[in-house]
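Data first, discussion second: the structure below is written as C-alpha cells.
Just so it is clear, none of the values below were taken in a lab; they were calculated from the coordinates. Nothing here was measured: the structure is a model prediction, and the numbers come from that model. When we count neighbours, we look across all protein chains shown, and the Cβ atoms used for this are built from the backbone with ideal geometry, even at glycine.
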Amino acid sequence: MNRYKVTQAFMDALTNWENINNLNTTFIIGDDIDIFPDAVRRWWLNSVVSNYKERNERLIAIIQWLNGEDVFEVEEPHKFVVRSEKKDRDGDYWYIEINNFYGPNFMTGTCDARKVLFNTREEAEKCCVPGYEVIEIDADGNEVE
C-alpha cells in the first residue's frame, strides 16, 4: 500500500469534507467526489501526475482513508532562510537576521543558528540582498533539495 505525504491543509480539508458529508457513517457516491474541497481535488488531479493510473491510486487512497486505513502522512511544513551564496573563509554560511534593536527591517549577517525562519519563499525573497539566496529547510533545519 502506498503512503502519501500530504500537507496539513490537505488533511484538514479532507477531514472537513468527511465530516460535513457524514462519510464516517455512510458510503461514498459520485456526488461526494463532485464536491471535493479544492485542496483535495488539486492533490488528486495534480498536473504533475499525468499518469491516469496514479490518479486512480490517489482516489483509492482517499477511499482507503475513509475506511480507516493509514495511507496519509502529514509532512512537516518547510521554512525558508536567506543564506549567503558562498561560504566564508572559515567554511560558514551567513544568514540574514532581523535586528529588532535597530528596527524590524534592519538586517545583519550571522553565522550562528539565530537565523530568521520565513513561512513562505515570498516572505524570504523580500529580505534577500545581493550575494544571498533563499534556501528551503525542513523541520530539523536541514536544506531541502
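Could you give the length gained by full extension between residue 76 and residue 122, i.e. 0.36 nm per residue of separation minus their alpha carbon distance, to one decimal place? Show your work: numbers first, answer last.
Numbers: separation 46, 0.36 × 46 = 16.56 nm, distance 1.88 nm.
Gain in length upon complete extension: 14.7 nm.
How would you rank 32, 38, going from fewest to most other Cβ atoms within 10 Å of each one's own Cβ? Display every interim value, and only then the final one.
Working: 32 17, 38 9.
Going from least to most buried by this count: 38, 32.
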Efficiency of FRET between residue 11 and residue 129 - r from beta-carbon atoms, R0 30 angstrom, step 0.05: 0.25
